[in-house]
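**Student:** Below is a structure I'd like to ask you about.
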Amino acid sequence: MTTIAQATRTTKQRQQEDDLRSQIFSIFWQVIKYAFLIGVTLLWLLPLFATVLTSFRTMDDITVNGFWSIPERFTVDKFTQAWDQADIRRYLINSFIITIPALVGMLFLSSMSAYALARYRFRGNRFIYFTYVAGMMLPFQILLLPVFRLANELKIYNTHGALIMIHTAFQLGFCTFVLRNFMRTVPGEILDAARVDGCGEFRIFLQIMLPLSLPSLAAVATLEFTWVFNDYLWALFLLSEQQLQPITAGLATLQGQYHADWPLITAGALLATLPTVFLFIFLQRYFIQGLTLGSGK
Amino acid sequence: MDFDILLYWGVTWVIVGAFVTPFLFHQKGRDPWNGALAGAALGALGGIILLAVLWYFVPFRQKSCPVCAGTVRAVDPVCQHCGYELAPSFVARPVSVGGQYSREPLDFFNANFLALVLCTVTLIAFLYSPWFFDDNATYNGGNLLVQAVFKDSFLADFAPDTLLLIPLSLLICGGLSIWGLVSPSRSGLASVLTSVVALGGLYYFIDFFYISKGSNYQFPQWYDLAKDDPGRGFNITMVTMAALALHSLVVVGPALRRWMARSQRGARLRRNMVPYLFLLLPLAIYLVWIIAPTGYTFYLSLTRWAGANESPSYIGFDHYEHLFGNRVFREALGNNVRWLIIFITVPTTLGLAMALIFNTEIRGGRWFKVSFYSPLVLSGPVIALVWLWLYHPDKGLLNSLLDGLGVININDNPPGWHSDSDVAIYCIIAAAAWRQVGYVMVLYLAGLKNIDPAMIDAGLVDGANRVQLFRHIIFPLLAPVTTIIVVISIIDSLRAFDLVQIMTQGNNGTEVLANLMYQKFKDYEMGYAASVAVVLFSISIVFIGTYLWRTLKDELEY
């Protein structure tokens, strides 16, 4: 009896020791892991942190005391200056004027074509689909000059219309690709049921398919908003007037205008990112989902 | 009363309205409003008479029912008494009942009536409202019409022959719509014909805005002025003319729908047409703005083209010959290759490592992840500015940090980073990679999530350690994701532009193809720029092809 009891005790003890050891080890491991993670993350965010810090200071302060000094005082002057004097306000408005219609246009058009490609068998289905997929990978550069010419011929060069058009058109490929793959997963019985009840094809699309694909629409919309809002290249090629520039091109101008006033430039840059950052904060799930869907699987 | 008489009466009225009044009022000074008032009064009078005539004298068009001998109205070929439906091809002819024509009020809410109203409005606007201004006076369409015929004053410049198309098409439209109005069985045809004829009138505007621009004829200076600020009459005419051209859709749409619902061929056509109808608009836009331009760039690269106001002239392969001998081009190509090599190695590895870490259970892992994603939402210019400030030689973060660590002295010839041509390109690539890591991580995380846990468990049961697990199970399973990431990285690195343009404008040995193209564009060497674009495209087509092939394979397995 005693031997058995002893034996059990020793196993128990050994187990406890093991547990303790592994616990200590795992805590140690956790500490290492978190220290590493926090370190890397801070390093990663350092550029952004530096930007925020700079924007609340003055250039004199930085020049005299150096970058890593404790700021003499925090000021939001640079933000107001960037907002009013450096015209960030107008650039942001321009960006919205371009982005919102382009977004609405591309979502509507691409969901139509995605619906056709996903739910109907017809001649050329696959070919059209691949045209879209190929188009979404095209480098912008191959389109720039002809589109420049086209915009000139249509007399929409140097208007927001030209940018809205090209963004809508170019992003059709990506949106169609993602939405089509999503729409294929919707069970056909729902659509058939509606069809049997005498629902027209367009109504099926509008009242059944679109609501069902809202999650993927949201994902695409979030991502596309960021892309179109962040576009710089097309604005350079299709707009010549300063007044019409979107925020990205506006920032580039800002750098030329105030090239030594880094607090102002960084303040402008921060203001410029606010819309996308807000979007990212609130719709992060959709943003990530969009990126994942867009990669093909 | 015969219908044809009514028809001719209507047409005559329109002819009088269109041609005689402006000639009458042409002599009486230049104030268009005199003419406008007179014309409006005349038009109203004519219209009232016309409507009165139509209302009282159009006979009730009906037929007797073959079953019960009751009367059947032409507009609704179903017998009121017995419900017998007559053949749709039922052509109504006025019949006399009891020696007298019965009357039926005309249907004024149809397309022909709409067209007639539009015709009248257009005619009045065209003839009597201001078409152009100059400093001295305003000129209405009537004035110009006279000039289009006689060409006897300086105004003739404003009155090309195409101007005659407007009254001419209006005449025909008016006649056609009256015809449609009085013979309901032909109203659809009349409406469609009206639309087609109205297109003829629109040709004037197309010619005015687009075609005449290309001719060598020197217009007087104020022609352009007029073009920028056309008068009310011009605008109204343009809009109503377009409405006239489109109005038959009111008829065509329902008619088409009825036909499709009835006939078997219609039903089949309808079924087959649906996807194409959905695709029509998006695909048209896609073709015009994306596919066609892609091809057109190839042509442009064989031309000399000095900007929007010139037209490209064919010169053959000169640009390409010049390109490959050019030092800047070789530099750009080299930099793109550097960019590409770094992009498919560094951010990919880092992103994979981060994804592997974050794939395990980590408290607050979401926040760590967010901080790695965050550069993804920043635009190119913002990233460029942030990193420019980071690299600033005297005051930037990087040199301050190194100075603090005692590695360099910030006051004594500090490293120039982006302004040092030895490392500048790597500095820019670093900034780009900073954003790319988050992207790669997102994709790998999604890939890891898709891996069947049973596979990992199987590996663990077989006693694999972490490294073996990764080497032999996880990594092979991630292969499709890796392919996609590599392709995307390559394409991204080929089209890199924003950072270079803002950070160095391609100076300090950082030229890349995309930026070279932009420089050439700015120098009005469009053809040359196109050839750069073609080279860039040719390189990336290989990888686009890889990607497409993958998608195609997935598709065929699906």
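The values are calculated or read from the model by the stated rules, or taken from the named source; none is laboratory data. All figures in this text were calculated on a predicted structure; none of them were measured in a lab. Cβ: placed from backbone, ideal geometry, glycine included. Neighbour counts: every protein chain shown. The accessibility values were calculated without ligands, DNA or RNA, using every heavy atom of the protein model including side chains. Shrake-Rupley method; radii C 1.70, N 1.55, O 1.52, S 1.80 Å.
**Student:** Taking the residues in the stretch A:66-98 that are small (Gly, Ala, Ser) and open to solvent by less than 20 Å² (accessible area, probe 1.4 Å) as candidates, determine which candidate is modelled with the highest pLDDT.
**Tutor:** So the residue we want is A:Ser95.
**Student:** If a residue must be over 22 Å from the mean Cα position of the chain (by Cα) and either at the interface with chain B (Cβ under 8 Å from one of its Cβ atoms) or surrounded by 12 or more Cβ atoms within 10 Å (Cβ to Cβ) (or both), how many such residues does the stretch A:36-52 contain?
**Tutor:** 4
Condition check ((1) among the hydrophobic types (A, V, I, L, M, F, W, C); (2) in a helix (DSSP H, G or I); (3) out of contact with any Phe, Trp or Tyr (no Cβ under 6 Å at 6 or more places or on another chain); (4) at the interface with another protein chain (Cβ under 7 Å from one of its Cβ atoms)) across all residues:
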| residue | (1), (2), (3), (4) |
| --- | --- |
| A:Ala102 | yes, yes, yes, no |
| A:Leu107 | yes, yes, yes, no |
| A:Ser111 | no, yes, yes, no |
| A:Tyr115 | no, yes, no, yes |
| A:Phe130 | yes, yes, yes, yes |
| A:Ala134 | yes, yes, yes, yes |
| A:Pro146 | no, yes, no, yes |
| A:Ile164 | yes, yes, yes, no |
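**Student:** Of everything in the stretch B:460-514, what is basic (Lys, Arg) and under 26 Å from B:Pro375 (Cα atoms)? Give them in sequence order.
**Tutor:** Listed by number, the list holds a single entry, B:Arg495.
**Student:** Moving to a separate point now. What about A:Gln255, is it free of Cβ contacts under 8 Å to residues at least 40 places away in the same chain and under 30 Å from B:Leu516 (Cβ atoms)?
**Tutor:** Here the answer is yes, as A:Gln255 does meet what is asked.
**Student:** Any residue in the stretch A:184-204 that is within 16 Å of B:Phe278 (Cβ to Cβ) sitting within a Cβ distance under 7 Å of a residue that is open to solvent by 80 Å² or more (accessible area, probe 1.4 Å) and among the charged types (D, E, K, R)? List the pairs, counting only those 6 or more apart or interchain.
**Tutor:** Between residues of the stretch A:184-204 that are within 16 Å of B:Phe278 (Cβ to Cβ) and residues that are open to solvent by 80 Å² or more (accessible area, probe 1.4 Å) and among the charged types (D, E, K, R), the close pairs are A:Ile204/A:Arg195.
**Student:** Something else now. Select from the stretch A:117-128 the residues that are within 9 Å of another protein chain (Cβ to nearest Cβ) and assigned to a helix (DSSP H, G or I) and list them in ascending order.
**Tutor:** A:Leu117, A:Arg119, A:Asn125, A:Arg126, A:Ile128
**Student:** Evaluate the following for A:Arg123: is it in the same structural domain as A:Ala267 (by TED's automatic domain parsing), of a type in the set (D, E, K, R) and open to solvent by 30 Å² or more (accessible area, probe 1.4 Å)?
**Tutor:** yes
**Student:** Next up: When the residues of the stretch B:218-242 are filtered to those that are of a type in the set (A, V, I, L, M), open to solvent by less than 40 Å² (accessible area, probe 1.4 Å) and at pLDDT 75 or above, which remaining residue is nearest to the chain's Cα centre (by Cα)?
**Tutor:** B:Ala242
**Student:** Inspect the stretch B:414-429 for any residue being in a loop (DSSP other than H, G, I, E, B), within 12 Å of chain A (Cβ to nearest Cβ) and either of a type in the set (A, V, I, L, M, F, W, C) or surrounded by 24 or more Cβ atoms within 10 Å (Cβ to Cβ) (or both) and give the result as yes or no.
**Tutor:** For the stretch B:414-429, residues in a loop (DSSP other than H, G, I, E, B), within 12 Å of chain A (Cβ to nearest Cβ) and either of a type in the set (A, V, I, L, M, F, W, C) or surrounded by 24 or more Cβ atoms within 10 Å (Cβ to Cβ) (or both): absent.
**Student:** Let me ask you something else. Of these, B:Leu168, B:Leu176, which one is more than 30 Å from B:Ala308 (Cα to Cα), at pLDDT 80 or above, surrounded by fewer than 19 Cβ atoms within 10 Å (Cβ to Cβ) and not hydroxyl-bearing (Ser, Thr, Tyr)?
**Tutor:** Of the residues listed, the single one that is more than 30 Å from B:Ala308 (Cα to Cα), at pLDDT 80 or above, surrounded by fewer than 19 Cβ atoms within 10 Å (Cβ to Cβ) and not hydroxyl-bearing (Ser, Thr, Tyr) is B:Leu168.
**Student:** Separate question: Could you list, in sequence order, all residues of the stretch A:211-266 that are among the polar types (S, T, N, Q), open to solvent by 10 Å² or more (accessible area, probe 1.4 Å) and more than 25 Å from A:Pro139 (Cα to Cα)?
**Tutor:** If the condition is that a residue be among the polar types (S, T, N, Q), open to solvent by 10 Å² or more (accessible area, probe 1.4 Å) and more than 25 Å from A:Pro139 (Cα to Cα), then A:Gln242, A:Gln243, A:Gln255, A:Gln257 are the ones that fit.
**Student:** Which residues, counting only those in the stretch A:267-281, are surrounded by fewer than 20 Cβ atoms within 10 Å (Cβ to Cβ) and within 12 Å of the chain's Cα centre (by Cα)?
**Tutor:** Result: A:Pro275, A:Val277, A:Phe278, A:Leu279, A:Ile281.
**Student:** While we're looking at this one, here's another question. Given the conditions (1) out of contact with any Ser or Thr (no Cβ under 8 Å at 6 or more places or on another chain); (2) within 13 Å of chain B (Cβ to nearest Cβ), which single one is not true for A:Phe225?
**Tutor:** (1)
**Student:** Kindly indicate whether any position in the stretch A:55-64 is assigned to a helix (DSSP H, G or I), within 11 Å of another protein chain (Cβ to nearest Cβ), open to solvent by less than 60 Å² (accessible area, probe 1.4 Å) and within 29 Å of B:Gly438 (Cα to Cα).
**Tutor:** Taking every residue of the stretch A:55-64 in turn, at least one turns out to be assigned to a helix (DSSP H, G or I), within 11 Å of another protein chain (Cβ to nearest Cβ), open to solvent by less than 60 Å² (accessible area, probe 1.4 Å) and within 29 Å of B:Gly438 (Cα to Cα).
**Student:** Return the residue satisfying two criteria in turn: it lies in the stretch B:499-520 and is of a type in the set (A, V, I, L, M, F, W, C) and more than 7 Å from chain A (Cβ to nearest Cβ), and of such residues it is nearest to B:His418 (Cα to Cα).
**Tutor:** Going through the qualifying residues, I end up with B:Met503.
**Student:** Residue check: is A:Gln15 assigned to a helix (DSSP H, G or I) and either within 21 Å of the chain's Cα centre (by Cα) or surrounded by 14 or more Cβ atoms within 10 Å (Cβ to Cβ) (or both)?
**Tutor:** no
**Student:** Given B:Gly545, B:Gly527, which one is within 10 Å of chain A (Cβ to nearest Cβ), touching a strand residue (DSSP E or B) at 6+ places or on another chain (Cβ under 9 Å) and part of a helix (DSSP H, G or I)?
**Tutor:** Being within 10 Å of chain A (Cβ to nearest Cβ), touching a strand residue (DSSP E or B) at 6+ places or on another chain (Cβ under 9 Å) and part of a helix (DSSP H, G or I) holds for just one of B:Gly545, B:Gly527, which is B:Gly527.
**Student:** Additional query: Do the conditions hold for B:Thr483, that is, is it crowded, with 17+ Cβ neighbours inside 10 Å and among the hydroxyl-bearing types (Ser, Thr, Tyr)?
**Tutor:** No: the conditions fail for B:Thr483.
**Student:** If B:Asn399 satisfies all but one of (1) assigned to a helix (DSSP H, G or I); (2) under 46 Å from the mean Cα position of the chain (by Cα), what's the number of the condition it fails?
**Tutor:** Here B:Asn399 clears every test but (2).
**Student:** If you don't mind, another one. When you look at A:Trp234, is it under 19 Å from A:Phe148 (Cα atoms) and either of a type outside the set (Val, Ile, Thr) or part of a helix (DSSP H, G or I) (or both), yes or no?
**Tutor:** Yes; evaluated as a whole, the condition is true for this residue.
**Student:** Look at B:Asp554 and say whether it is at pLDDT below 85 and within 9 Å of another protein chain (Cβ to nearest Cβ).
**Tutor:** Spelling it out, B:Asp554 is indeed at pLDDT below 85 and within 9 Å of another protein chain (Cβ to nearest Cβ).
**Student:** Scan the helices (runs of 4 or more DSSP H) fully inside the stretch B:272-391 and keep the ones with 1 or more residues being more than 12 Å from chain A (Cβ to nearest Cβ).
**Tutor:** In the stretch B:272-391, the matching helices (runs of 4 or more DSSP H) lie at B:318-325, B:327-358.
**Student:** Sticking with this one: Which of the residues that make up the stretch B:302-315 are touching a residue at least 40 places away in the same chain (Cβ under 8 Å) and touching a Leu at 6+ places or on another chain (Cβ under 9 Å)?
**Tutor:** B:Trp305, B:Pro312, B:Ile315
**Student:** Testing B:Phe470 on (1) open to solvent by 50 Å² or more (accessible area, probe 1.4 Å); (2) touching a Ser or Thr at 6+ places or on another chain (Cβ under 6 Å), one condition comes back false. Which one is that?
**Tutor:** Only one criterion in (1) open to solvent by 50 Å² or more (accessible area, probe 1.4 Å); (2) touching a Ser or Thr at 6+ places or on another chain (Cβ under 6 Å) is unmet by B:Phe470, namely (2).
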